[in-house]
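Worksheet: one structure, shown below.
The values are calculated or read from the model by the stated rules, or taken from the named source; none is laboratory data. On a predicted model such as this, the values are computed, not experimentally measured, just so you know. Cβ sites come from the backbone with ideal geometry, for glycine too, and all protein chains shown count toward neighbours. Heavy atoms of the whole protein, side chains included, go into the accessibility calculation; ligands, DNA and RNA do not. Shrake-Rupley method; radii C 1.70, N 1.55, O 1.52, S 1.80 Å.
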Amino acid sequence: MTKERTLTAQLAQEIVDRAMRAGATDAEAVVVEGDEFHTKVRLGQVETLTESQSRAVGLRVFMGQRTASTSTNDLSEASLQRLVKGAVELSRITEEDPFAGLPDASEFSERRNGDGLGLFFDDVYSLPAQERIEMARAVEAAAMGADVRIQNSDGGTFTAATSWRAIANSRGFVGEYRKSYCGLGVTPIAQDESGMQRDGWSHAARTLAKLETPEEVGREAAKRALRRLGARKVKTQRATMVFDRNVSRGIIGDIFDAVNGEAVYRHASMFADKLGEQIASPLITVVDDGTMMLEPGLAGFGTLPFDGDGLPMQRKVIVDKGVLQTYVANTYTARKLKMRSTGNASRGLAGAPGIGSGNFYLEPGTQSLREMIAEVQSGLYVTETLGSGVNLVTGDYSQGASGLWIENGEFTGAVEEITIAGNLKDMYKNIVAVANDLTFRGSSASPAIRVEGMTIAGA
Amino acid sequence: MSSAVDQSSTARSTTVFHQQFGITDRLIERCLAAALERGGDFAELFFESTASNGIGVDEGIVKSASQSHSMGCGVRVLSGERTGYSYTDELTEEKLLHAARTAALIAHSVATAGVQGLRAAPSHDLYPAVTTDVEIAQKLQLVQRADRAARAYDPRIVQVRASFSDEVRHILVVASDGTYASDVQPLSRFSVGVIAKDPAADGGKGASASGTSGGGGRRDFSWYTTERTPEHYAQEAARQAILQLTAQPAPAGEMPVVLGPGWPGVLIHEAVGHGLEADFNRKKQSAFAGLMGQRVGTDKVTVADNGTMPNRRGSLNVDDEGVPTANNVLIEKGMLCRYMSDKLSAKMMGTRSTGSGRRESYASIPMPRMTNTYMLPGEDDPADILRSVQNGIYAVNFSGGSVDITNGKFVFAANEAYLIEDGKVTAPVKGVMLIGDGATALTRVSMVGHDLALDEGVGTCGKKGQGVPVCVGAPTLKLDHMTVGGTGR
């Protein structure tokens with residue numbers, strides 16, 4: 001795995017230079033390179049084993065305020081020539097956009113690499129192939145060994161991956177970083193006389209040293225599949241909901257999509273024109289932090305040295321005790337909204353940068369999940385939602401759901417084939433409790449929350 | 001090992017991989033041999049090269065134009081139920097042989113199946129070979145016309161985005177079972193999205209709504225200037241947004257549901273399609289496992305997955321394992337009669353591939369997937385179907401759906417739906433979410449219209465992280481009761 005660290009950045013710089021020589025007034029190039037190992041063990045036998053390497057380049061050029069983009073994974077000389085020529089020709093066809101253009105040079109991040117952030121650990125590849133397969137086998141075995149009602153599975157998986165990413169532009173920014181990833185997961189299938197149910201659990205980390213053990217991941221997966229057995233519908237009614245942190249993460253994540261500057265300037269957000277207003281319960285403080293460290297020397301999952309425009313990542317409070325503080329923006333969106341970029345540019349291979357979160361989370365409360373459940377007379381603990389029934393223009397929220405019914409503070413059995421509905425604008429205001437179980441298993445996270453006044457549609 | 005490439009066969013050296021990338025039959029032979037050198041019982045090379053273009057208008061400005069090219073080769077080795085996979089995006093001899101030897105690591109037996117004489121597969125001719133040699137100025141006109149038409153529809157339309165994208169995908173599949181198949185697959189799509197805003201709505205509180213429309217397929221460019229014009233898509237998106245401005249919250253609870261023809265066929269795709277993919281059944285993970293030959297729906301229910309429909313988004317001359325696609329009847333008059341299968345599941349289940357082996361790209365392992373999936377028409381008049389409902393929901397358009405195939409529970413979200421009151425379609429409702437389970441849903445289909453329609457060509461089906469283009473379809477149909485999610489009543 002040794003590699004000349006500047007090769008990616010050199011290639012990005014070279015493509016920018018070629019575009020400028022071809023007549024562009026500004027240019028920006030992205031180079032990504034990666035390798036991945038993935039294996040799946042099902043019923044104790046290796047089912048798939050995948051190993052691969054890939055690399056690709058993306059180019060965005062400006063001709064004044066006209067812009068176009070091209071990308072390819074063919075790095076031959078002829079292909080790179082087509083990449084540059086195509087972008088320059090296409091940019092002449094588009095129309096002038098007064099807000100288009102690269103950031104000012106003064107805005108670029110001073111951090112140009114991942115040094116000191118803890119984004120890359122070479123131990124993800126330290127295990128020999130056979131031991132990686134053993135990890136996948138062990139996570140499945142742990143899930144299947146948990147209970148006699150688990151006799152089938154969709155397999156245990158182990159993944160290790162690393163990637164390089166470099167961005168260069170014609171205003172003098174050149175940056176690159178390397179990331180590592182490893183992950184374990186399993187999807188057991190539980191069965192009894194009531195039928196079959198599947199659920200899964202997984203864990204990911206930047207370093208093997210921080211990866212949960214196969215036993216921990218497998219046990220949790222088994223618990224989740226087993227508790228779904230015997231699920232029934234409940235009657236149509238209004239009820240209290242306690243959202244497990246895996247589900248509340250999505251509900252809080254909808255705040256990010258609604259404060260996305262692009263949705264705001266398009267009138268496509270329920271929070272357009274709501275800056276400074278109380279949009280949620282005073283219990284709600286939401287932060288987006290692109291600089292967060294999980295611990296010294298270990299970056300958060302959403303932490304990077306610079307954003308997709310080459311600007312510094314930032315920490316900002318999005319919602320403070322229920323009051324909307326700011327929208328999130330990249331360079332383009334910031335110009336549209338007459339604000340400053342919040343360092344949220346997210347650059348894929350092709351096209352213009354979009355908007356992505358750093359580490360986005362709801363600050364925890366003081367109550368434990370158990371205490372929160374104990375306070376519910378009658379209601380639903382929602383462990384999973386199904387579908388895509390969220391409308392960020394209107395706030396309308398309607399999802400398929402499954403979970404556990406709560407009666408007098410105790411779980412009384414599994415629930416499925418129902419929908420839960422409300423309006424996000426009301427739901428955020430009706431959050432009456434926030435639990436203390438915030439944990440980062442990815443770049444966004446939320447503790448469990450309790451919401452009043454939603455509708456269940458069932459039998 | 002038997003000799004590999006049958007040189008007498010036709011059309012070999014004419015693929016883009018031979019001409020542009022210098023892939024010779026000799027190299028293919030060496031790679032297959034390397035892939036089998038540890039005793040695998042099947043080896044396959046999947047070459048792919050895809051060139052795509054896009055152009056978009058946004059806020060009245062032609063803001064974006066893009067081109068991209070992606071290519072590579074995936075090597076697969078099967079050893080029993082085990083799959084070894086490796087891919088490379090560099091089509092050099094060194095990289096291809098390395099990928100073949102990596103994929104071969106899955107196998108460790110002495111016996112080997114060897115390479116059968118390679119022969120060109122029979123194939124269909126379902127679409128024009130190349131559609132991208134159209135001047136970009138013409139595509140530019142398309143998106144500009146859509147922008148104008150949407151704004152002209154109603155002054156409350158405040159935002160319009162329209163885009164046109166097209167691609168040509170070349171594939172070449174060569175496998176040790178004798179497969180030697182190539183195809184050139186065009187695909188294009190037009191999309192319009194609008195936002196409507198009415199400050200006076202809802203008693204002066206104001207209201208906003210969105211609308212989207214689009215379509216396409218494996219079609220010639222002239223489709224967009226004659227059959228489905230930019231104005232058609234723009235007006236449809238605008239109509240939906242304006243309608244939603246006045247939509248009321250949907251009722252909640254169990255009630256009869258009538259689905260309109262076309263895209264509501266996504267119910268068939270989710271409720272039964274995924275559950276009839278052979279891999280889930282072979283592994284006994286589907287709610288339909290073990291039900292072959294048994295009744296799973298009323299006798300009005302006949303469901304097919306048909307990859308052979310000309311020009312459709314889900315159609316293919318050959319699948320991504322080089323097998324010609326077919327018109328597969330899955331459920332006939334309520335009886336389950338076929339699973340959709342790829343080569344691996346067919347081998348394990350002792351059947352034949354149904355031409356359903358598909359993959360997102362060279363970087364992905366093929367799986368049984370749907371193509372164009374629909375319920376066949378019945379004999380009922382759609383007007384009679386609506387008249388038969390006292391109180392229920394008429395859903396004519398959906399934003400999407402999903403299913404948990406293990407318990408068969410599916411959901412889908414409507415973005416255009418109405419109340420049915422005393423047999424008449426009345427007020428538009430919003431936030432309609434339908435939930436049910438596949439096996440039960442089909443037993444509640446009591447009326448099936450004669451008006452089968454397929455969707456306009458916008459669907460992408462996701463499975464295990466891989467997306468592939470598909471079509472869905474259905475006639476007007478009535479389910480006696482389903483659970484409707486909403487906040488009203």
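Here are the numbers:
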{"item": "Close pairs from region B:440-466: first over 21 Å from B:E277 (Cβ atoms), partner aromatic (F, W, Y), Cβ under 6 Å, at least 6 apart", "result": "none"}
{"item": "The listed residue being over 30 Å from B:F17 (Cβ atoms), β-branched (V, I, T), within 19 Å of the chain's Cα centre (by Cα) and surrounded by fewer than 24 Cβ atoms within 10 Å (Cβ to Cβ), out of B:V329, B:V303, B:V266", "result": "B:V329"}
{"item": "Test: residue in region B:119-126 that is modelled with pLDDT of 90 or more and either open to solvent by less than 80 Å² (accessible area, probe 1.4 Å) or closer than 30 Å to B:D58 by Cα (or both)", "result": "yes"}
{"item": "Hey, B:S64 at the interface with chain A (Cβ under 9 Å from one of its Cβ atoms) and out of contact with any His (no Cβ under 9 Å at 6 or more places or on another chain) or not", "result": "yes"}
{"item": "Strands (runs of 3 or more DSSP E) wholly inside region B:312-422 that include at least 2 residues being more than 14 Å from chain A (Cβ to nearest Cβ), at pLDDT 95 or above and in contact with a Cys (Cβ under 8 Å, 6 or more places away or on another chain)", "result": "B:327-332, B:372-375"}
{"item": "Within region A:262-280, tally of residues that are in a loop (DSSP other than H, G, I, E, B), at pLDDT 95 or above and either surrounded by fewer than 19 Cβ atoms within 10 Å (Cβ to Cβ) or within 23 Å of the chain's Cα centre (by Cα) (or both)", "result": "8"}
{"item": "Test: residue in region A:388-397 that is crowded, with 23+ Cβ neighbours inside 10 Å, closer than 17 Å to A:T236 by Cα and either in contact with a Gly (Cβ under 6 Å, 6 or more places away or on another chain) or away from chain B (no Cβ under 14 Å) (or both)", "result": "yes"}
{"item": "Selection within region A:169-211 - more than 30 Å from A:R111 (Cβ to Cβ), in a loop (DSSP other than H, G, I, E, B) and touching a residue at least 24 places away in the same chain (Cβ under 8 Å)", "result": "A:S194, A:D199, A:G200"}
{"item": "Tally, over region A:7-26, of residues that are over 28 Å from the mean Cα position of the chain (by Cα), small (G, A, S) and buried (at least 20 other Cβ atoms within 10 Å of the Cβ)", "result": "2"}
{"item": "Any hit, region B:121-135, residues being within 29 Å of the chain's Cα centre (by Cα), under 30 Å from B:V77 (Cβ atoms) and within 10 Å of chain A (Cβ to nearest Cβ)", "result": "no"}
{"item": "Subset of region B:23-58 [touching a Cys at 6+ places or on another chain (Cβ under 9 Å) and of a type in the set (D, E)]", "result": "B:E48"}
{"item": "Test: residue in region B:422-434 that is open to solvent by 40 Å² or more (accessible area, probe 1.4 Å) and closer than 28 Å to B:F190 by Cβ", "result": "yes"}
{"item": "Of all residues in region A:354-368 being in contact with a helix residue (DSSP H, G or I) (Cβ under 8 Å, 6 or more places away or on another chain) and open to solvent by 20 Å² or more (accessible area, probe 1.4 Å), the one that is farthest from A:G310 (Cα to Cα)", "result": "A:Y361"}
{"item": "Failed item in (1) open to solvent by less than 30 Å² (accessible area, probe 1.4 Å); (2) outside any helix (DSSP H, G or I); (3) more than 10 Å from chain B (Cβ to nearest Cβ); (4) closer than 17 Å to A:A141 by Cβ, with A:A239 passing the rest", "result": "(4)"}
{"item": "Residue count for region A:64-83, restricted to those that are within 13 Å of B:H69 (Cβ to Cβ) and either in contact with a Cys (Cβ under 9 Å, 6 or more places away or on another chain) or buried (at least 21 other Cβ atoms within 10 Å of the Cβ) (or both)", "result": "6"}
{"item": "Filter pass, B:A196 being modelled with pLDDT under 95, of a type in the set (A, V, I, L, M, F, W, C), crowded, with 17+ Cβ neighbours inside 10 Å and in a strand (DSSP E or B)", "result": "no"}
{"item": "Answer residue from region A:283-299, given it is part of a loop (DSSP other than H, G, I, E, B) and of a type in the set (A, V, I, L, M) and is surrounded by the most Cβ atoms within 10 Å (Cβ to Cβ) among those", "result": "A:I284"}
{"item": "Looking only at region B:219-230, and only at residues there that are over 22 Å from the mean Cα position of the chain (by Cα) and surrounded by fewer than 17 Cβ atoms within 10 Å (Cβ to Cβ), the one that is farthest from the other protein chains (Cβ to nearest Cβ)", "result": "B:T226"}
{"item": "Residues of region A:398-424 that turn out to be assigned to a loop (DSSP other than H, G, I, E, B) and either within 7 Å of another protein chain (Cβ to nearest Cβ) or touching a Ser or Thr at 6+ places or on another chain (Cβ under 9 Å) (or both), as a count", "result": "1"}
{"item": "Answer residue from region B:208-218, given it is open to solvent by less than 20 Å² (accessible area, probe 1.4 Å) and outside any loop (DSSP other than H, G, I, E, B) and is farthest from the other protein chains (Cβ to nearest Cβ) among those", "result": "B:G217"}
{"item": "Qualifying residue in region A:119-136 (condition: out of contact with any Gly (no Cβ under 9 Å at 6 or more places or on another chain), over 24 Å from A:T39 (Cβ atoms) and open to solvent by 10 Å² or more (accessible area, probe 1.4 Å))", "result": "no"}
{"item": "Selection status of B:R161, open to solvent by 10 Å² or more (accessible area, probe 1.4 Å), within 11 Å of chain A (Cβ to nearest Cβ) and touching a Gly at 6+ places or on another chain (Cβ under 7 Å)", "result": "yes"}
{"item": "Any hit, region A:254-261, residues being within 14 Å of chain B (Cβ to nearest Cβ), open to solvent by 40 Å² or more (accessible area, probe 1.4 Å), within 29 Å of A:M313 (Cβ to Cβ) and in contact (Cβ under 8 Å) with a residue 24 or more places away in the chain", "result": "yes"}
{"item": "Matching option when the condition is touching a residue at least 24 places away in the same chain (Cβ under 8 Å), more than 30 Å from B:A196 (Cβ to Cβ), within 9 Å of chain A (Cβ to nearest Cβ) and open to solvent by 20 Å² or more (accessible area, probe 1.4 Å), among B:E93, B:E81", "result": "B:E81"}
{"item": "Qualifying residue in region B:37-46 (condition: surrounded by fewer than 18 Cβ atoms within 10 Å (Cβ to Cβ) and out of contact with any Lys or Arg (no Cβ under 8 Å at 6 or more places or on another chain))", "result": "yes"}
{"item": "Single condition A:V376 does not satisfy, out of (1) at pLDDT 95 or above; (2) in a loop (DSSP other than H, G, I, E, B); (3) closer than 30 Å to A:G290 by Cα", "result": "(3)"}
{"item": "Residue in region B:245-256 that is under 30 Å from A:V234 (Cα atoms), more than 23 Å from the chain's Cα centre (by Cα) and more than 13 Å from every other protein chain (Cβ to nearest Cβ) present", "result": "yes"}
